[in-house]
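Following: one structure in structure tokens, then a few remarks.
The values are calculated or read from the model by the stated rules, or taken from the named source; none is laboratory data. These numbers were taken from a predicted model, which means no experiment stands behind them. Glycine also receives a Cβ, built like all others from the backbone with ideal geometry; neighbour counts cover every protein chain displayed.
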Amino acid sequence: VAAEKGEFRHFMQKEIHEQVRALTDTLAGRVDFDNGKIRLPQLNLDAEGAKKIKKIIITACGTAAHAGMVGKIYLERIARIPTEVDIASEFRYRDPIVDADTVVLAISQSGETADTLAAMEEGRQRGAKLWSIVNAIGSQAMRVADGFISMQSGPEIGVASTKAFTAPLVDLFMLAVLLGDLRGTLSEKERFDLVADLRLVPDLVGRCLDREDEIIPIARKMKDAAHMLYLGRGVNMPIAYEGALKLKEISYIHAEAYPAGEMKHGPIALVDKDMPVLAIAPLDPWYEKMISQIEQAKARGGSTLVVATEGDTRVPDLADHIFWVPKCPWLLSPIVTVIPLQMFAYHIAAQRGLDVDQPRNLAKSVTVE
Ligand code: G6P
């Protein structure tokens, strides 16, 4: 049966809205809230195996690589395992340092991206353990792995990935908690608290989706912009990259992403009245630093768009446009802050009359190098 768009104009919009369901399914059967435990049986992982891991190398392309950048923070913060993120097309030719105590973790919606598969093969040759987080059941990246996590996103048709971005964020969070538990790096209370936070995710995402009507007029204002600069820090730095990628892919507006702390090392020179700055500034440990970046952008005449937490009293004085998100545990905030940026890119592209689901020059799955 062909996938249907139903009430939506495009698959991308439908898939953005399917995230509540996808994230509910992602948690189902994996999270034992009563005992504060995570179960990921298809990883084939026990305490001995978990304790052996000295390094994790996440490898992926595109949106999946941005999920990996958040995953690095989860794996380091929660499981205390040194973690690198490497773009698959780089990893495969880099002569990487990998051994039997390294896990190569591939993330892929399709499970058929040529560079990601080649990166896995490179890891295999060098004796690494291979894991994957994959959406397409039975795909190559699932079959060749020693263990895998099956994304519960369901089929994704739109070329620009949305629900296959947020699902692996939750998968990576669960993986970090499981590894932290097996390696004994988490206290019982920490583990229970992290697991309890997961329960909030589907509802938090739903509350972002409920604000779609507020995003449409912002998209209308910005749809003729020539450039945009996306800034984030810490756990939300990868969301700047993902938000900018969404805008580029489907609206063809040039968008650049930067870790906000790098502004003074170059990009601030670009900021004037013709360079809108989009800052991701929820209430996380980097909030004060983001506020001062927004002040600096404003002082240079840039129009400011800010992703902010409901109830924030400082952002309204600084922002020309605000994307409100609900208050949430900061480690999980990327799953929330990305939602308005997906909708923003979608509505800009739709208002520009572009082919949202099949953007020019792009393929859903890149199966050749
Ligand atoms: C293509 C798609 C992107 C996707 C990337 C990786 O470039 O257009 O949306 O993020 O491939 O795909 P994968 O299937 O490996 O996640």
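Just checking, does the stretch 148-155 include any residue being in a strand (DSSP E or B) and either hydrophobic (A, V, I, L, M, F, W, C) or over 25 Å from Glu48 (Cα atoms) (or both)?
yes
State all residues of the stretch 80-119 that are acidic (Asp, Glu) and either within 25 Å of Gly232 (Cα to Cα) or away from the ligand (no atom under 16 Å from the Cβ) (or both); if no residue qualifies, say none.
If the condition is that a residue be acidic (Asp, Glu) and either within 25 Å of Gly232 (Cα to Cα) or away from the ligand (no atom under 16 Å from the Cβ) (or both), then Glu84, Asp86, Glu90, Asp95, Asp99, Asp101 are the ones that fit.
Of all the residues that make up the stretch 63-79, how many are of a type outside the set (Asp, Glu), surrounded by fewer than 24 Cβ atoms within 10 Å (Cβ to Cβ) and touching a Ser or Thr at 6+ places or on another chain (Cβ under 7 Å)?
Qualifying residue count, the stretch 63-79: 3.
Any idea which of (1) farther than 24 Å from Ala164 by Cα; (2) part of a loop (DSSP other than H, G, I, E, B) is the one Leu362 doesn't satisfy?
(1)
Against the conditions (1) buried (at least 21 other Cβ atoms within 10 Å of the Cβ); (2) touching a strand residue (DSSP E or B) at 6+ places or on another chain (Cβ under 7 Å); (3) among the acidic types (Asp, Glu), where does Glu256 fall short? Just the number, please.
Every listed condition holds for Glu256 apart from (1).
Under 9 Å between Cβ atoms, which residue pairs at least 6 apart in sequence (or on different chains) link something in the stretch 128-156 that is at positive phi with a partner that is among the hydrophobic types (A, V, I, L, M, F, W, C) and buried (at least 20 other Cβ atoms within 10 Å of the Cβ)?
Within 9 Å, the pairs are Gly154/Ala22.
Check the stretch 50-57 and report whether any residue there is more than 16 Å from the ligand (Cβ to nearest atom) and modelled with pLDDT under 95.
No, the stretch 50-57 has no match at all.
Considering the stretch 80-116 alone, what residues qualify as being part of a helix (DSSP H, G or I), free of Cβ contacts under 8 Å to residues at least 40 places away in the same chain and surrounded by 22 or more Cβ atoms within 10 Å (Cβ to Cβ)? Walk me through it before giving the result.
Applying the first criterion (part of a helix (DSSP H, G or I)) to the stretch 80-116 yields 88-91, 114-116.
Those still in the list that are free of Cβ contacts under 8 Å to residues at least 40 places away in the same chain too: 88, 90-91.
Result: Ala88, Phe91.
Of the numbered conditions (1) in contact (Cβ under 8 Å) with a residue 12 or more places away in the chain; (2) more than 30 Å from Ala114 (Cβ to Cβ); (3) surrounded by fewer than 15 Cβ atoms within 10 Å (Cβ to Cβ), Ala363 fails exactly one; give the number of that condition.
Checking Ala363 against (1) in contact (Cβ under 8 Å) with a residue 12 or more places away in the chain; (2) more than 30 Å from Ala114 (Cβ to Cβ); (3) surrounded by fewer than 15 Cβ atoms within 10 Å (Cβ to Cβ), the one that fails is (2).
So that you can scan it fast, the table gives a plain yes or no per residue for (1) more than 14 Å from the ligand (Cβ to nearest atom); (2) at pLDDT 95 or above; (3) under 20 Å from the mean Cα position of the chain (by Cα); (4) buried (at least 24 other Cβ atoms within 10 Å of the Cβ):
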residue: Leu130; (1), (2), (3), (4): yes, yes, no, no
residue: Met151; (1), (2), (3), (4): no, yes, yes, yes
residue: Ala167; (1), (2), (3), (4): no, yes, yes, yes
residue: Ala176; (1), (2), (3), (4): yes, yes, yes, yes
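What about Lys273, is it at negative phi, away from the ligand (no atom under 16 Å from the Cβ), touching a Gly at 6+ places or on another chain (Cβ under 8 Å) and part of a loop (DSSP other than H, G, I, E, B)?
Yes: the conditions hold for Lys273.
Within the stretch 299-321, how many residues turn out to be of a type in the set (Ser, Thr, Tyr), more than 18 Å from Met222 (Cα to Cα) and either touching a helix residue (DSSP H, G or I) at 6+ places or on another chain (Cβ under 9 Å) or in a strand (DSSP E or B) (or both)? First the steps, then the outcome.
At the first step, the residues of the stretch 299-321 found to be of a type in the set (Ser, Thr, Tyr) are 303-304, 309, 313.
After this cut, where a residue has to be more than 18 Å from Met222 (Cα to Cα) as well, the list is 309, 313.
Now restrict to residues that are either touching a helix residue (DSSP H, G or I) at 6+ places or on another chain (Cβ under 9 Å) or in a strand (DSSP E or B) (or both): 309.
Total satisfying the criteria: 1.
State yes or no: is Arg183 under 17 Å from Tyr74 (Cα atoms), under 23 Å from the mean Cα position of the chain (by Cα), away from the ligand (no atom under 16 Å from the Cβ) and surrounded by fewer than 23 Cβ atoms within 10 Å (Cβ to Cβ)?
no
Yes or no: Gln125 within 14 Å of the ligand (Cβ to nearest atom) and either more than 22 Å from the chain's Cα centre (by Cα) or among the polar types (S, T, N, Q) (or both)?
On the way: within 14 Å of the ligand (Cβ to nearest atom): no; either more than 22 Å from the chain's Cα centre (by Cα) or among the polar types (S, T, N, Q) (or both): yes.
Answer is no for this residue.
The conditions are (1) surrounded by 20 or more Cβ atoms within 10 Å (Cβ to Cβ); (2) within 20 Å of Pro276 (Cβ to Cβ); (3) out of contact with any Ser or Thr (no Cβ under 7 Å at 6 or more places or on another chain); (4) in contact (Cβ under 8 Å) with a residue 60 or more places away in the chain, and Asn236 fails exactly one of them. Which is it?
(3)
Would a scan of the stretch 196-208 turn up a residue that is touching a residue at least 40 places away in the same chain (Cβ under 8 Å), within 16 Å of the ligand (Cβ to nearest atom) and crowded, with 24+ Cβ neighbours inside 10 Å?
No, there is no match, as no residue in the stretch 196-208 is touching a residue at least 40 places away in the same chain (Cβ under 8 Å), within 16 Å of the ligand (Cβ to nearest atom) and crowded, with 24+ Cβ neighbours inside 10 Å.
Any residue in the stretch 60-79 that is at pLDDT below 95, more than 28 Å from Ile216 (Cβ to Cβ) and within 16 Å of the ligand (Cβ to nearest atom)?
No, the conditions are met nowhere in the stretch 60-79.
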